[in-house]
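Reading through the structure tokens given below for one structure.
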Amino acid sequence: MARIVQKFGGTSVADVERIKKVAQRVKCEVDCGSEVAVVVSAMAGATNQLIAWTRETSLLHDAREYDVVISAGEQVTAGLLALALQDLGIDARSWQIPIATDGVHGKARIESIDAAEFRRRLAQGQVGVVAGFQGIGPRGRITTLGRGGSDTSAVALAAALEADRCDIFTDVDGVYTTDPRIVAKARKLDRITYEEMLEMASQGAKVLQTRSVEMAMNHRVRVQVLSSFSDTPGTLVVDEDEIVEKRVVSGIAYSRDEAKITVQGVPDRPGVAAAIFGPLADDAINVDMIVQSASEDGRTADLTFTVARADLDRAVSVLEKGRKGIGFAALKPDPNVVKVSVIGIGMRSHAGVAKQMFQTLADKGINIQVISTSEIKVSVLIAAEYTELALRALHTAYGLDAAG
Ligand code: ADP
Ligand code: ASP
Ligand code: MG
């Protein structure tokens, strides 16, 4: 008998009608004889509304209370889905499964799941509905797992249950070569490797939360991404040796969550990079891409780097505070940038991927501001206004466009 975890995202449970449709889908799996655990997101828009209310109430809110509020959306869906399933004659209940996390409110990591009792119930034929996106921290308070965190709840539960499959139902019918909402010619992938999916997610493809892919990769959970609105087969996330069609570039991701800072006129001597990046790290601000260029006088340099857009103001104030010690001439923050990344495990054995990227962007007159690379990706930072143009041009250049 198969044991399956099904996860339904926000648009799939956007209203009561859709929740009833989801219940039908769960029933199908139950009727097939599977043991089924379901993880649900909040109804579309609910989490944003809860966040807005929290901000409205208190701008500098207590992170623990923030988590109490924003975890509530998933509770509602879990209860409603259990009711809808019961109405179809299924033995279903929402379940407060003990998911232990660390204490980092708003971005907690799952540490362990005690699934013994839950598993026993599943074996008896009961369907368990679990509220995604949350857990319990070390002090017994509710924590949340970061935006998109229900994906991670589902994969973690699948790992704890040693499930045969974890189906992630969403509003697109799989993982595409790039965001199908931006590039109409994006192509659905039948399979993608864990590594490529991890890179796609961490470079901005929001179809799966990065941590869910990490978790799937570490525990070898078979993840399938598919649509809750159609019956077409989805995309399987698999090991490299299960990929038949080898591609050099598998996908293109973009992230609008970046911001650029240029520190101009930095003295060109040992210790300056440490003086700039040390205080940022101490303030828990992650720096992603970095480039240093010599300035005109030859004695100073300009240092350009990116941080998360949400951290931009904080980063600027940290640097301004250290201005005297560092001794730079000016700070130029720029939130109007986007990071575009081409990803593929084939890059390990093929040269020329970066060159093709730079040439394609040059042909469109798009200036590259910062570059970074890793074994299976090349990322460039460009002005945000060129996002669509760059994605479409690169998609065509790497031969990813769908036929027809
Ligand atoms: P859910 O609410 O079901 O979790 P999300 O909005 O988090 O859904 O994720 C699905 C969305 O991810 C799609 O609507 C699509 O716009 C976006 N997306 C970005 N990149 C990709 C990609 N490469 N393939 C598929 N979807 C993508
Ligand atoms: N509801 C949460 C969010 O909107 C978690 C999720 O949907 O995965 O981010
Ligand atoms: Mg999501």
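Where a number appears in this text, it was derived from the coordinates with a stated rule and is not lab data. As the structure is a computational prediction, the values presented were derived from the model and not from experiment. Ideal geometry is used to build each Cβ from the backbone, glycine not excepted, and the neighbour counts take in all protein chains shown.
From the Kirkwood radius over Cα pairs of segment 259-334, Stokes-Einstein at 10 °C and 1.306 mPa s returns a whole-number translational diffusion coefficient of 130 µm²/s. For the chain, the share of DSSP beta bridges that are antiparallel, to the nearest 5, is 65%.
Based on DSSP loop calls and a cut-off of at most 10 other Cβ atoms within 10 Å, the longest stretch of the chain free of exposed GluC sites (Glu not before Pro) is what?
1-244
D for the chain, whole µm²/s, Stokes-Einstein with Kirkwood Rh over alpha-carbon pairs at 20 °C and 1.002 mPa s: what number?
Approximately 94 µm²/s, per Stokes-Einstein.
Helical runs (DSSP H, four residues minimum) scored at -39500 (n - 2.57) apiece and divided by the length of the chain put the mean residue ellipticity at 222 nm at -10000 deg cm²/dmol. Subtracting the Cα-Cα distance of ALA384 and ILE290 from 0.36 nm times their residue separation leaves 32.0 nm of extension gain. Across the options VAL5, GLY125, ALA46, the greatest Cα extent toward the positive end of the charge dipole of the chain (unit charges at beta carbon of Lys, Arg, Asp, Glu) belongs to ALA46. Positive end of the dipole of segment 301-404 (Cβ unit charges, origin at the Cα centre): among GLY322, MET357, SER372, the Cα lying farthest that way belongs to GLY322. For the chain, relative contact order (Cα pairs under 8 Å, six or more residues apart, normalised by length) works out to 13 percent. Derived scalar couplings between HN and Hα for segment 110-117 equal 6, 9, 7, 10, 8, 9, 4, 5 Hz in order, rounded to whole Hz, by the Karplus curve 6.51 cos²θ - 1.76 cosθ + 1.60 (θ = phi - 60°), x for Gly and Pro. If r is the Cβ-Cβ distance from ASP91 to SER230 and R0 is 22 Å, what FRET efficiency results, to the nearest 0.05? Between ASP91 and SER230 the formula returns 0.20.
Looking at segment 3-171 alone, DSSP beta bridges between its own residues are antiparallel in about 25 percent of cases. In terms of packing, defined here as the mean over residues of other Cβ atoms within 10 angstrom, the peptides 391-401, 335-345 line up highest first as 335-345, 391-401. Provide the per-residue ³J(HN,Hα) series for segment 48-53, in order, calculated from phi with Karplus coefficients 6.51, -1.76, 1.60 and θ = phi - 60°, each as a whole number of Hz, with x at glycine and proline positions. Rounded to whole hertz, the list is 4, 5, 5, 5, 4, 4. A full extension of the chain between ALA274 and LYS246 corresponds to an added length of 5.9 nm, given 0.36 nm per residue minus the alpha carbon distance.
Taking a label point 7 Å from the Cα of ALA354 along the Cα→Cβ vector, which residues of segment 256-299 have an amide N closer than 15 Å to it? Residues 289-292 qualify, since their backbone N sits under 15 Å from the label point. Peptides 279-290, 75-86, 169-180 ranked from most to least packed give 169-180, 75-86, 279-290, packing being the mean of other C-beta atoms within 10 angstrom over each peptide's residues. Going from the residue with the fewest nearby Cβ atoms within 10 Å to the one with the most, THR144, THR210 rank THR210, THR144.
Applying the Karplus relation 6.51 cos²θ - 1.76 cosθ + 1.60 with θ = phi - 60° to segment 76-87 yields 3J(HN,Hα) values of 4, 4, 4, x, 5, 5, 4, 4, 4, 5, 4, 5 Hz, where x marks Gly and Pro. For the pair ASN218 and ARG120, the difference between a 0.36 nm per residue extended length and the Cα-Cα distance amounts to 32.8 nm. Put in line by how crowded their Cβ is, counting other Cβ atoms within 10 Å and starting with the fewest, TRP95, TRP53 read TRP53, TRP95.
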